[in-house]
1. In segment 161-172, which residues are touching a helix residue (DSSP H, G or I) at 6+ places or on another chain (Cβ under 9 Å) and in a helix (DSSP H, G or I)?
2. Condition first: touching a strand residue (DSSP E or B) at 6+ places or on another chain (Cβ under 7 Å) and under 21 Å from LEU143 (Cβ atoms). Now tell me which residues in segment 54-88 satisfy that.
3. Can you tell me which residue within segment 115-132, out of those that are of a type outside the set (Lys, Arg) and touching a Cys at 6+ places or on another chain (Cβ under 9 Å), is farthest from ALA188 (Cα to Cα)?
4. Go through the residues of segment 67-89 one by one and say whether even a single one is of a type in the set (A, V, I, L, M, F, W, C), loosely packed, with under 15 Cβ neighbours inside 10 Å, modelled with pLDDT under 95 and more than 24 Å from the chain's Cα centre (by Cα).
5. Does segment 6-18 hold any residues that are surrounded by fewer than 18 Cβ atoms within 10 Å (Cβ to Cβ) and assigned to a strand (DSSP E or B), and which are they?
6. Is at least one residue of segment 108-118 surrounded by fewer than 20 Cβ atoms within 10 Å (Cβ to Cβ), closer than 23 Å to LEU212 by Cα and in contact (Cβ under 8 Å) with a residue 12 or more places away in the chain?
7. Which residue, of ALA64, ALA135, is free of Cβ contacts under 8 Å to residues at least 40 places away in the same chain and either of a type in the set (Ser, Thr, Tyr) or over 17 Å from LYS147 (Cβ atoms) (or both)?
8. Among the residues of segment 169-182, is there at least one that is modelled with pLDDT of 95 or more, among the polar types (S, T, N, Q), assigned by TED's automatic domain parsing to the domain that holds ALA59 and more than 18 Å from the chain's Cα centre (by Cα)?
Amino acid sequence: MSLRLIREGAVARLLIDRADKRNAFDMAMWQALPALVAEAVADPAAKVLELRAADPGAAFCAGADIRELLANKDDAAWRAANQAAINRAQYELARADIPTIAFVEGDCVGGGCGIAMACDIRVAAPAARFGITPAKLGLVYPLHDVKLLVDLVGPGQAKRMLFTGELLGADEAQQIGLVEIVGDSSDALTAQIAAASGSSARAIKDFVRRVLDGQVADDAETLAVFAAAFTTPDFAEGTAAFVEKRKPEFRS
């Protein structure tokens, strides 16, 4: 299996395991991704989902499998199914209920960059490179993924990346907002998220998604979520730990 899910305590890891193809995604992988994300989210022990290459130092993902695309370029039904699989995978990943992290050690290109952008936070090793290259292939990047890019880096930098297909190093990617952290590991970040309140993280993630999707003011639902937080076990534990000057032990 080119994608596999493993669990380490409160951290679920989705490993991209196709190093011989630079972890390029074929249609079977796009189709498998939503179910694996759902499986991680459904695990009550999982508080954060990390995506990374199975082989340390390998490409995170070189994008879509171009050989597969070429082999099926004249098959309209296949192209439609492939597009639907890509769109669903990116949509479901971007809206997973728990926090998601992409840890990028090597190249992260095209559809691979889309996968990283669909995560909540990107951590890049110093050798990582990012690029979106449809313009070099005569293709068009999906609108959903263009929005992910614009939300992160703004329209000007998004156009530069899309028009040129240029590969950016980790430091430049961080400077323009594509990457949040440059470092050799994402372990400290995953541990911090795993130690925090899961119920808080899920609600806050939903609020951020609402803002990105255009909501600008509270509605009855968001006000109810805010009010209900004061009645949760996590609030009781968090405030007790604060008063007692100890680390909280959240159950959610």
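1. Step one: list which residues in segment 161-172 are touching a helix residue (DSSP H, G or I) at 6+ places or on another chain (Cβ under 9 Å), which gives 161-166, 168.
Hits for segment 161-172 are MET161, LEU162, PHE163, THR164.
2. Result: CYS61, GLY63, ALA64.
3. Step one: filter segment 115-132 for residues of a type outside the set (Lys, Arg), giving 115-121, 123-128, 130-132.
Next, from what is left, pick out any that are touching a Cys at 6+ places or on another chain (Cβ under 9 Å): 115-116, 124, 128, 130-132.
Values: ILE115: 21, ALA116: 18, ALA124: 13, ALA128: 19, PHE130: 23, GLY131: 26, ILE132: 28 Å.
Checking each candidate, the answer is ILE132.
4. yes
5. Once the filter is applied, which keeps residues that are surrounded by fewer than 18 Cβ atoms within 10 Å (Cβ to Cβ) and assigned to a strand (DSSP E or B), segment 6-18 yields ILE6, ARG7, GLU8.
6. The initial filter retains those residues of segment 108-118 that are surrounded by fewer than 20 Cβ atoms within 10 Å (Cβ to Cβ), namely none.
No; the residues of segment 108-118 include none that is surrounded by fewer than 20 Cβ atoms within 10 Å (Cβ to Cβ), closer than 23 Å to LEU212 by Cα and in contact (Cβ under 8 Å) with a residue 12 or more places away in the chain.
7. Only one candidate qualifies: ALA135.
8. Yes; the residues of segment 169-182 include at least one that is modelled with pLDDT of 95 or more, among the polar types (S, T, N, Q), assigned by TED's automatic domain parsing to the domain that holds ALA59 and more than 18 Å from the chain's Cα centre (by Cα).
The values are calculated or read from the model by the stated rules, or taken from the named source; none is laboratory data. Because the structure is predicted, anything quoted here is derived from the model rather than measured. All Cβ positions, even for glycine, are placed from backbone atoms using ideal geometry, and neighbour counts span all protein chains on display.
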